[in-house]
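**Student:** My structure is below; once you've seen it, I'll send some questions.
Here, each number is a calculation from the coordinates, and none is a lab measurement. Not measured: the values here are computed from a predicted model. Cβ placement follows ideal geometry from the backbone for every residue including glycine, while neighbour counts extend to all protein chains displayed.
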Amino acid sequence: MRVGIIGAGSIGLLFAAYISRVSEVTIYTRTVEQAAEINKFGILLKISEKEDTLSLIKALPIKEWKGDEELTIIAVKQYQLPVIVEMVNKLALVPKNILFLQNGMGHLKLLETIPFTNIFVGSVEHGALKENPSTVAHNGEAATKVAVFRGDPAILLEFIHSAPPEFPLVFKENYFSMLISKLVVNAVINPLTATLQVENGELIKNPFYFQVLKNLFSEICSILHLDNPNAHLQQIIGICKNTSTNRSSMLKDLEASRMTEVDAILGFILDEAKNKGITAPLVENLYYLIKGKEIIKGEYA
């Protein structure tokens with residue numbers, strides 16, 4: 001299968017490294033320089049004490065994307081999606097199958113604007129860190145859940161079955177419940193670690209931080225009317241344990257003076273609260289704290 005990957009951040013590099021073991025992969029980068037480095041050195045995948053260089057990966061700047069692969073994986077940040085979707089809609093050849101791997105749920109309305117193609121969504125549970133333009137560290141091995149947003153699942157199922165066993169893909173029947181489950185995890189772990197500037201594990205090791213985690217989770221449960229809240233809470237605790245030394249994507253974005261995905265995560269929950277007439281003081285305060293940190297880091301200065 002020919003696979004195109006849009007975005008060469010931590011998740012894009014991680015997927016390119018693993019999927020290139022079983023498929024022909026082209027990764028599309030924001031800069032010409034990163035594409036040149038990947039073409040020269042390959043992608044170095046670091047797993048614990050092991051290193052593996054994947055050299056059978058072609059890299060091109062995103063302006064050269066034609067959308068002619070059998071499957072295109074969109075691995076950019078949520079706030080970068082409008083530009084990508086505009087590119088999709090302007091392509092002479094509309095991609096046949098697109099898999100979106102964004103956090104949050106703010107992108108669903110945007111996906112509805114893409115015509116005449118099969119659209120899939122995914123929830124990535126791996127921990128990954130981009131160390132340089134061609135190196136990615138796989139810090140937390142897990143799985144990627146995928147589901148059909150619209151269209152024929154045939155290529156998605158083929159992609160799942162061909163994936164390397166060490167990089168599993170799990171099919172889910174209901175995309176909405178799949179994304180809600182990931183949204184809850186992101187809405188609790190990401191803003192708390194970003195605000196407190198701590199690794200994931202500290203949220204459950206520190207009893208005071210853990211109490212805030214439970215308070216925030218309770219408020220989110222009330223807004224989203226979650227079934228089986230305890231299962232969601234145990235999932236959050238399990239992720240904090242399994243990725244205890246990881247720094248969340250939101251924390252890493254702030255540390256790198258990048259925009260965060262807080263609008264797609266807490267912003268979505270605030271919209272839900274407003275629509276239902278529910279007050280959400282914890283979610284609202286965390287949202288403003290993260291937006292304030294973005295300004296301090298110079299995103300809007």
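**Student:** How much length is gained on full extension from Lys50 to Val83, taking 0.36 nm per residue of separation minus their Cα-Cα distance?
**Tutor:** Result for the pair: 8.2 nm of gain on full extension.
**Student:** Here's something else I'd like to know. Determine, for Lys96, Lys205, the number of other Cβ atoms within 10 Å of each Cβ, and report the residues in order from fewest to most. Could the numbers behind the result be given before it?
**Tutor:** On the way: Lys96 17, Lys205 14.
Least to most surrounded, the residues fall as Lys205, Lys96.
**Student:** In whole angstrom, how far apart do the alpha carbon centroids of the stretch 179-239 and the stretch 1-79 sit?
**Tutor:** 31
**Student:** Follow-up. Any idea what angle helix 32-41 forms with the longest principal axis of the chain, computed on alpha-carbon atoms, 0 to 90 degrees, nearest 10?
**Tutor:** Roughly 70 degrees between the two axes.
**Student:** Right, next: Given only helices, namely DSSP H runs of n ≥ 4 each adding -39500 (n - 2.57), what is the per-residue ellipticity at 222 nm of the chain, to the nearest 500 deg cm²/dmol?
**Tutor:** -14000 deg cm²/dmol
**Student:** Quick one: if you stick a label point 7 Å off each Cα along the C-beta vector at Leu93 and Asn228, how many nm between them?
**Tutor:** About 4.3 nm, to one decimal.
**Student:** To the nearest 20 debye, what is the magnitude of the charge dipole of the stretch 177-294 about its Cα centre, counting +1 on the Cβ of each Lys and Arg and -1 on the Cβ of each Asp and Glu? Could you put the intermediate results ahead of the total?
**Tutor:** Working: 11 positive and 12 negative charges, 42 e Å.
Roughly 200 debye, rounded to the nearest 20.
**Student:** Loop only by DSSP, 12 or fewer other Cβ within 10 Å of the Cβ. Give me the chymotrypsin sites (Phe, Trp or Tyr not before Pro) in the stretch 222-301 that pass, ordered by residue number.
**Tutor:** Tyr300
**Student:** Okay, next question. Please order Ile237, Ile269 by the number of other Cβ within 10 Å, starting at the fewest.
**Tutor:** Going from sparsest to densest Cβ surroundings: Ile237, Ile269.
**Student:** Which order do peptides 142-155, 78-91, 254-267 fall in by mean Cβ count within 10 Å, highest first?
**Tutor:** 254-267, 142-155, 78-91
**Student:** So which aspartates and glutamates pass the test for Lys130, namely a Cα distance under 12 Å, with those fewer than 8 places away in the same chain ruled out?
**Tutor:** Asp253
**Student:** Can you bin the stretch 177-294 into rounded, prolate or oblate? Criterion: square roots of the alpha carbon gyration tensor eigenvalues sorted a ≥ b ≥ c, rounded for a/c under 1.5, prolate for a/b above b/c, oblate for the rest.
**Tutor:** Taking the square roots of the gyration eigenvalues as a ≥ b ≥ c, the stretch 177-294 is oblate.
**Student:** Per 20 Å bin, what is the whole-percent P(r) computed from every C-alpha pair distance within the chain?
**Tutor:** 34, 60, 7
**Student:** May I pose another question? Count the lysine pairs in the stretch 177-294 whose Cα atoms sit under 25 Å apart, keeping only pairs 8 or more residues apart in sequence or on different chains.
**Tutor:** 24
**Student:** What distance in nm lies between label points placed 7 Å from Cα along the C-beta direction at Lys214 and Val22?
**Tutor:** 4.1
**Student:** Under a cut-off of 17 Å between alpha-carbon atoms, report the lysines in cross-link reach of Lys58, not counting same-chain residues fewer than 8 places apart.
**Tutor:** Within the straight-line cut-off, Lys58 pairs with Lys40, Lys66.
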